[in-house]
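Below: the structure, in structure tokens.
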Amino acid sequence: MARDVVVIGAGIVGAMSAIHILHGGDRVTILEPEEPGGEQSASYGNSGWLSSHSVIPPSEPGLWRKVPGLLLDPLGPLAVRPAYLAQALPWLLRYIASGATRERIEATARALRTLLIDAPALHHDVAAEASCGHLIKTTGLLHVFPTRNAFVATSLGWDVRRDVGIAWQELSADELHAREPSLDRRYQFGVLVEEAGHCQNPGAYVAALIAQAYSRGAVKNVGRATGLRIESGRLRAVRTQAGEIECDAAVIAAGARSKKLAASAGDHVSLETERGYHVMISRPEGAPVTPMMASDCKLVATRMQDGLRVGGQVEIAAIDAAPNWKRADILRAHALSMFPELPRDLDASRIRYWMGRRPSTPDGLPCIGYASATRDVVYAFGHGHVGLVGSARTGRLVAQLVAGKAPEIALEPFDARRFH
Ligand SMILES: Cc1cc2nc3c(=O)[nH]c(=O)nc-3n(C[C@H](O)[C@H](O)[C@H](O)COP(=O)(O)OP(=O)(O)OC[C@H]3O[C@@H](n4cnc5c(N)ncnc54)[C@H](O)[C@@H]3O)c2cc1C
């Protein structure tokens with residue numbers, strides 16, 4: 001019998017979940033207080049990477065030695081706001097531990113690979129169905145380095161990638177610049193991952209998927225979930241600021257704001273916001289042909305539908321703390337140095353800044369699975385740096401769980417109870 005399912009949150013993860021649940025024949029209400037795919041969501045402003053090779057956790061062996069330097073450099077690529085340090089400490093310790101050994105990195109990589117392995121193809125199919133297939137490109141992704149030695153210095157991550165079946169092509173300086181004529185000549189080495197792809201407008205992608213869900217009968221509810229009413233092990237309703245929505249099942253896909261909702265379903269998860277920034281430059285004179293990550297600047301440059309997007313930075317701060325736009329200034333300066341054809345005196349009207357909140361667990365693995373309090377509540381949050389790429393399989397898994405079917409991949413690594 002068809003069930004009434006509330007999907008809480010209409011970022012890319014909620015959108016994918018809604019679409020796949022509808023496929024299964026259940027009725028769906030999409031509960032979202034703002035515009036689906038709007039600026040409040042991480043899904044709006046990400047770098048668009050469908051990087052099936054993003055399997056390495058953000059933390060790395062020896063990171064703890066760098067912590068004092070990171071704390072002293074408030075504008076470095078990874079920073080913790082001092083006022084928030086005490087609160088973030090338990091998460092930070094777990095974060096450091098999760099990348100402390102090769103074994104842990106390998107375990108994360110194996111789990112993430114199952115989630116991401118065919119992500120570009122999955123996105124391609126879903127987007128085609130929602131008439132936005134043109135947004136998905138499967139032309140590979142590039143990593144650029146000043147020298148081959150700089151690449152070798154990151155070999156642990158690449159060795160682990162090779163072990164989980166990821167292949168890439170190395171590019172000499174000539175090959176790199178033949179492909180990327182706008183790129184500054186200081187980059188002398190490239191790595192092309194052909195299996196990967198990208199999305200040219202992540203916000204529009206979410207909006208299109210949600211529009212498709214509505215056209216298939218999903219109900220729109222403009223509201224904010226405040227909790228869940230669970231009685232005798234069954235979900236009775238999702239509580240909102242405007243009253244209750246009675247339902248048989250719910251999906252928690254509220255991104256960085258999922259922690260309290262998971263607590264009301266019996267799980268105290270370790271979830272922080274790794275804030276990131278982007279700079280959009282319209283009508284860029286120089287931009288990458290293939291989206292690229294620059295090892296020295298620690299940023300991603302992607303040519304989007306509406307201009308060049310340069311995204312990056314990791315800042316741990318309170319969820320509603322004001323943005324620090326100096327971080328976006330840094331990205332802007334890096335963009336000018338990577339693509340020398342961009343004019344130094346870029347007109348302000350051509351530049352836009354954005355800050356977003358990655359919903360991040362300390363081990364780089366999302367929470368996907370049933371809640372402790374009831375199997376009527378399914379988790380789909382905590383995707384950190386891989387929420388766009390990981391959303392396609394997550395949506396399928398959520399629908400399988402809602403329908404009580406066996407999930408298509410093992411979900412033990414993604415169990416929220418790992419934080420108990
Ligand atoms: C700078 C930057 C670059 C990135 N680049 C990439 C990339 O290239 N590739 C990649 O895969 N990932 C990338 N990411 C990460 C990716 O954007 C996120 O992991 C992903 O968007 C998370 O999606 P989500 O649906 O879980 O959360 P969100 O997109 O944040 O959506 C959550 C939604 O829930 C709503 N909501 C919140 N609280 C409630 C509530 N109580 N009730 C109802 N609704 C609620 C919000 O309004 C929001 O719309 C990047 C992130 C950043 C910041």
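Out of Ser372, Ser349, Ser360, which single residue is under 20 Å from the mean Cα position of the chain (by Cα), among the hydroxyl-bearing types (Ser, Thr, Tyr) and at negative phi?
Result: Ser360 is the single residue among Ser372, Ser349, Ser360 that is under 20 Å from the mean Cα position of the chain (by Cα), among the hydroxyl-bearing types (Ser, Thr, Tyr) and at negative phi.
Tell me the helices (runs of 4 or more DSSP H) entirely within the range 1-85 that contain at least 1 residues that are surrounded by fewer than 17 Cβ atoms within 10 Å (Cβ to Cβ), more than 16 Å from the ligand (Cβ to nearest atom) and at pLDDT below 95.
Once the helices (runs of 4 or more DSSP H) in the range 1-85 are filtered for at least 1 residues that are surrounded by fewer than 17 Cβ atoms within 10 Å (Cβ to Cβ), more than 16 Å from the ligand (Cβ to nearest atom) and at pLDDT below 95, what remains is 63-72.
List the pairs whose first member sits in the range 294-314 and is in contact (Cβ under 8 Å) with a residue 60 or more places away in the chain, whose second member is within 14 Å of the ligand (Cβ to nearest atom) and basic (Lys, Arg), and whose Cβ atoms are under 7 Å apart, counting only residues at least 6 apart or on separate chains?
Thr302/Arg309; Gly312/Lys298; Gln313/Arg327
Can you report the number of residues in the range 350-376 which are touching a residue at least 40 places away in the same chain (Cβ under 8 Å) and away from the ligand (no atom under 14 Å from the Cβ)?
Summing the residues that are touching a residue at least 40 places away in the same chain (Cβ under 8 Å) and away from the ligand (no atom under 14 Å from the Cβ) in the range 350-376 gives 10.
Which one of these is in a helix (DSSP H, G or I) and more than 16 Å from the ligand (Cβ to nearest atom): Ala107, Ala100?
After applying the criteria, what remains is Ala107.
Only residues that are within 15 Å of Thr273 (Cβ to Cβ) and of a type in the set (Val, Ile, Thr): list them for the range 283-333, please.
Passing the criteria: Val314, Ile316, Ile319.
Which numbered condition trips up His385, out of (1) within 15 Å of the ligand (Cβ to nearest atom); (2) crowded, with 24+ Cβ neighbours inside 10 Å; (3) not acidic (Asp, Glu)?
Every listed condition holds for His385 apart from (2).
Name the residues in the range 298-356 that are of a type in the set (Ser, Thr, Tyr) and within 24 Å of Val144 (Cβ to Cβ), would you?
Thr302, Ser337, Tyr353
Determine whether the range 318-337 contains at least one residue that is under 16 Å from the mean Cα position of the chain (by Cα) and buried (at least 17 other Cβ atoms within 10 Å of the Cβ).
No, the range 318-337 contains no residue that is under 16 Å from the mean Cα position of the chain (by Cα) and buried (at least 17 other Cβ atoms within 10 Å of the Cβ).
Could you look through the range 402-420, keep only residues that are crowded, with 24+ Cβ neighbours inside 10 Å and aliphatic (A, V, I, L, M), and pick out the one that is nearest to the ligand (Cβ to nearest atom)? Step through it out loud before you land on a result.
Applying the first criterion (crowded, with 24+ Cβ neighbours inside 10 Å) to the range 402-420 yields 402, 414, 416.
Then keep just the ones that are aliphatic (A, V, I, L, M); that gives 402, 416.
On the way: Val402: 17, Ala416: 14 Å.
So the residue we want is Ala416.
Quickly run through the range 231-274 and pick out the residues that are over 20 Å from the mean Cα position of the chain (by Cα), closer than 16 Å to Val28 by Cα and outside any strand (DSSP E or B).
Residues satisfying the conditions are Cys247, Asp248.
Give the residues of the range 35-75 that are among the β-branched types (Val, Ile, Thr) and more than 25 Å from Leu116 (Cβ to Cβ), sorted by residue number. Steps first, answer last, please.
Step one: filter the range 35-75 for residues among the β-branched types (Val, Ile, Thr), giving 55-56, 67.
The one that is among the β-branched types (Val, Ile, Thr) and more than 25 Å from Leu116 (Cβ to Cβ): Val67.
If you check Ala121 against the conditions, is it modelled with pLDDT under 95 and either crowded, with 17+ Cβ neighbours inside 10 Å or assigned to a helix (DSSP H, G or I) (or both)? Don't jump to the end; show me each part of the working.
Numbers: modelled with pLDDT under 95: no; either crowded, with 17+ Cβ neighbours inside 10 Å or assigned to a helix (DSSP H, G or I) (or both): yes.
Considered against the rule, which asks whether it is modelled with pLDDT under 95 and either crowded, with 17+ Cβ neighbours inside 10 Å or assigned to a helix (DSSP H, G or I) (or both), Ala121 comes out as no.
Got a sec? Which of Ala242, Ala249 is away from the ligand (no atom under 11 Å from the Cβ) and touching a Leu at 6+ places or on another chain (Cβ under 9 Å)?
Just a single option satisfies the conditions, and that option is Ala249.
Quick test for you: out of Gly223, Gly255, Gly217, pick the one residue that is within 16 Å of the ligand (Cβ to nearest atom), surrounded by fewer than 20 Cβ atoms within 10 Å (Cβ to Cβ) and closer than 25 Å to Leu22 by Cα.
Gly223
Please indicate, with yes or no, whether at least one residue in the range 386-409 is without any contact (Cβ under 8 Å) to a residue 24 or more places away in the chain and farther than 24 Å from Val238 by Cβ.
Yes, there is a match, as at least one residue in the range 386-409 is without any contact (Cβ under 8 Å) to a residue 24 or more places away in the chain and farther than 24 Å from Val238 by Cβ.
If you scan the range 281-301, which residues turn out to be of a type in the set (A, V, I, L, M, F, W, C), at pLDDT 95 or above and either crowded, with 19+ Cβ neighbours inside 10 Å or within 9 Å of the ligand (Cβ to nearest atom) (or both)?
Across the range 281-301, the qualifying residues are Ile281, Ala287, Met292, Met293, Ala294, Leu299, Val300, Ala301.
Can you tell me which of (1) closer than 25 Å to His383 by Cα; (2) assigned to a loop (DSSP other than H, G, I, E, B) is the one Thr302 doesn't meet?
The single condition Thr302 does not satisfy is (2).
Do we have Lys260 as in contact with a helix residue (DSSP H, G or I) (Cβ under 9 Å, 6 or more places away or on another chain), surrounded by fewer than 19 Cβ atoms within 10 Å (Cβ to Cβ) and either under 30 Å from Arg375 (Cβ atoms) or not polar (S, T, N, Q) (or both) here?
No; evaluated as a whole, the condition is false for this residue.
The values are calculated or read from the model by the stated rules, or taken from the named source; none is laboratory data. Keep in mind that what you see is a predicted model, and the values were worked out from it rather than measured. Virtual Cβ from ideal backbone geometry, glycine too; neighbours counted across all protein chains shown.
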